[in-house]
Amino acid sequence: MNLQENLTQLGLTVKQAQVYLACLQLGVDTVYSIAKFTGLKRPTVYLILDDLENKGLVSKTRDIKKTKYKAEDPKRIITDLKTKEEIAQDLLPSLKAIYNLDPEKPNIKIGEGLNSARNAYNGIFTHLSKYPDEELLIFGSLKDASQHFEKEVIDNFFRQMARSQNKIHEIGNDDHETRKYYRASRRLNANHHIRLIRNEGEFWQSDNWIYGNTLVMFSVREQVFAITIESSNIATTYRTLFKMAWRSGKQI
């Protein structure tokens, strides 16, 4: 049986296994003796002994002149493994909950704060730049977004919008801010088309983007959230609803 190899399979490095086996065989001894036994340099042995002490596999004692080290009972390895197994079992339900191998399961990410909104915008336009024939659909309250997004975020949005080669269709509230935004955006990008919702209601404190198989929902209140849902089924459903609303929207 190769004890050193077996110990590395339990998570120790080769040098940690060497030093631990030396401590088992030497009993209580000095760093000098352990280094001589293993053939390793003393500074290296000091570092390894610190690691093994943190793992609970060795301990040190001090007498008047020298510090000495001894190996703990090898049963400690079994105890440590059982503890790790218990932690893994506790973690397993949470890990499985975020495991997204199933292609039918939506991949949902929630970000908080303006930085999450900035990252979401960058992610959207990075994707669209790779697929210039893909359409971008937007609906929401421009007024609320303007109030709660910092100027830097809005300026970055306009820069990205100006560079985009994609067709962009947007539905907004029939208010002064949206009409002003429409005039500015049309000067930047002739592919950007906007319609207004009629008197049935209004969008409130949200901005929603549909592209590819992804829906991004921004909650634009005092605390900003960006919720990204990657799901072909959900994106297709929202795209269908958008097109129904687009047909009944008011042209500017």
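The values are calculated or read from the model by the stated rules, or taken from the named source; none is laboratory data. The structure presented is a predicted model; accordingly, all values stated were derived computationally and were not measured. FYI the Cβ positions are ideal-geometry reconstructions off the backbone, even for glycines, and counts take in every protein chain you see.
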- Message: For the structure I just gave you, tell me whether A97 is more than 19 Å from L215 (Cα to Cα), in contact with a helix residue (DSSP H, G or I) (Cβ under 9 Å, 6 or more places away or on another chain) and modelled with pLDDT under 85.
- Response: no
- Those strands (runs of 3 or more DSSP E) completely within segment 100-184 that have 2 or more residues that are in the same structural domain as L215 (by TED's automatic domain parsing), under 23 Å from the mean Cα position of the chain (by Cα) and in contact (Cβ under 8 Å) with a residue 60 or more places away in the chain are 107-112
- Query: Are there any pairs with C-beta distances below 6 angstrom linking a residue in segment 58-76 that is touching a residue at least 40 places away in the same chain (Cβ under 8 Å) to a residue that is hydroxyl-bearing (S, T, Y), with the two at least 6 apart or on different chains, and if so which?
  - Reply: K68/T30; K68/T61
- Message: Restricting to segment 193-252, and then to whatever is aromatic (F, W, Y) and more than 15 Å from I138 (Cβ to Cβ), can you tell me which residue is surrounded by the most Cβ atoms within 10 Å (Cβ to Cβ)?
- Response: F225
